[in-house]
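Read-outs throughout are calculated quantities, based only on the coordinates presented, and are distinct from any laboratory measurement. What you see is a predicted model; the values in this text were computed from it and never measured. Counting neighbours? That spans all protein chains shown, and the Cβs are built from the backbone with ideal geometry, glycine included.
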Amino acid sequence: MILYLIRHAKTSWNDRGLWQGNVDIPLNDEGYLQAKKLAQRFSGLSIEAIYTSPLSRSYQTAEEISKVLLQQPIVESSLRECEISLWNGLTMSETLEKYENQYKYWSMNPLATVEGVESLQNVQNRTVSVIQQISSSHRGNVIVVSHAIAIKMIICWVLGLPIPFSKNFRIENASVSALDFSDNPRLILLNDTCHLL
């Protein structure tokens with residue numbers, strides 16, 4: 001089976017370069033357009049199930065896809081984004097200005113304990129656990145709509161990469177990555193946005 005990892009479409013906070021974490025920001029107009037283009041990309045494929053993070057931007061993206069595939073999205077809380085309340089609503093430059101030491105410690109140490117910020121190891125543990133459950137529950141192809149950090153943690157696990165290496169690749173809004181679970185999990189597509197062109 002192929003498991004498609006989709007990052008949610010755009011929000012107003014994405015446009016402004018703000019950390020969102022688990023702040024429940026909905027899609028903006030461009031985001032809805034991106035979600036509709038995602039839906040068209042998958043319209044001709046056989047998809048057995050659609051899973052989504054409970055956050056609005058993820059669920060709304062999944063909902064647009066579900067309208068084409070005629071399947072109700074399944075909400076899975078473990079697909080939510082990393083908790084980063086310490087710097088929610090800040091740009092990266094503002095984060096580094098105010099919390100440079102905490103950010104560097106968190107981003108380089110997967111087990112880092114920073115108040116108001118979930119460790120990356122914890123994000124990987126919960127997302128990989130649910131991905132393994134999903135892959136063992138389905139024989140057909142599955143769509144999973146989630147978030148940038150969450151998807152990066154899954155991909156690092158599949159590739160056997162240390163978590164800090166997640167900074168070396170990007171996961172764009174409304175992008176598609178794909179894992180082949182027919183044998184040992186393999187990455188077969190990364191950050192594809194051709195449907196948005």
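Filtered by the rule that a residue be touching a helix residue (DSSP H, G or I) at 6+ places or on another chain (Cβ under 8 Å) and either surrounded by 21 or more Cβ atoms within 10 Å (Cβ to Cβ) or touching a residue at least 40 places away in the same chain (Cβ under 8 Å) (or both), segment 163-183 gives Ile163, Pro164, Ser166, Lys167, Ile171, Asn173, Ala174, Val176, Ser177, Leu179, Phe181. Residues in segment 2-22 that are assigned to a helix (DSSP H, G or I) and crowded, with 20+ Cβ neighbours inside 10 Å: Asn14 only. Applying the set (1) buried (at least 23 other Cβ atoms within 10 Å of the Cβ); (2) within 23 Å of Asn125 (Cα to Cα) to Ile65 leaves exactly one unmet item: (2). Of everything in segment 134-154 that is under 19 Å from Gln71 (Cβ atoms) and in contact with a Ser or Thr (Cβ under 9 Å, 6 or more places away or on another chain), the residue that is surrounded by the most Cβ atoms within 10 Å (Cβ to Cβ) is Val145.
Within segment 93-114, restricting attention to residues that are surrounded by fewer than 17 Cβ atoms within 10 Å (Cβ to Cβ) and closer than 15 Å to Ser166 by Cβ, which residue is nearest to the chain's Cα centre (by Cα)?
Only one residue tops the list, namely Ser107.
Screening Gly160 on (1) touching a strand residue (DSSP E or B) at 6+ places or on another chain (Cβ under 6 Å); (2) farther than 16 Å from Met1 by Cβ; (3) loosely packed, with under 15 Cβ neighbours inside 10 Å shows it passes everything except condition (1). Of the helices (runs of 4 or more DSSP H) lying entirely inside segment 44-150, the ones with 2 or more residues being within 23 Å of Ile2 (Cβ to Cβ) and touching a helix residue (DSSP H, G or I) at 6+ places or on another chain (Cβ under 8 Å) are found at 56-69, 120-137. Of the candidates Tyr4, Tyr99, Tyr59, Tyr103, the single residue that is among the aromatic types (Phe, Trp, Tyr) and out of contact with any Leu (no Cβ under 9 Å at 6 or more places or on another chain) is Tyr59.
For segment 115-146, enumerate the residues that are out of contact with any strand residue (DSSP E or B) (no Cβ under 9 Å at 6 or more places or on another chain) and either at positive phi or among the aliphatic types (A, V, I, L, M) (or both).
The answer is Leu120, Val123, Val128.
Report, by residue number, each residue of segment 23-60 that is within 22 Å of Val130 (Cα to Cα), surrounded by 17 or more Cβ atoms within 10 Å (Cβ to Cβ) and polar (S, T, N, Q). Correct list: Thr52, Ser53, Ser58, Gln60.
Filter segment 161-197 for residues that are assigned to a loop (DSSP other than H, G, I, E, B), hydrophobic (A, V, I, L, M, F, W, C) and in contact with a Leu (Cβ under 9 Å, 6 or more places away or on another chain) and give the result.
The answer is Phe169, Ile171, Ala174, Phe181.
Within segment 165-189, being of a type outside the set (Asp, Glu) and within 20 Å of Ser107 (Cβ to Cβ) holds for Phe165, Ser166, Lys167, Asn168, Phe169, Arg170, Ile171. Under the condition of being among the basic types (Lys, Arg) and without any contact (Cβ under 8 Å) to a residue 24 or more places away in the chain, which residue from segment 73-132 is nearest to Trp157 (Cα to Cα)? The residue in question is Lys104.
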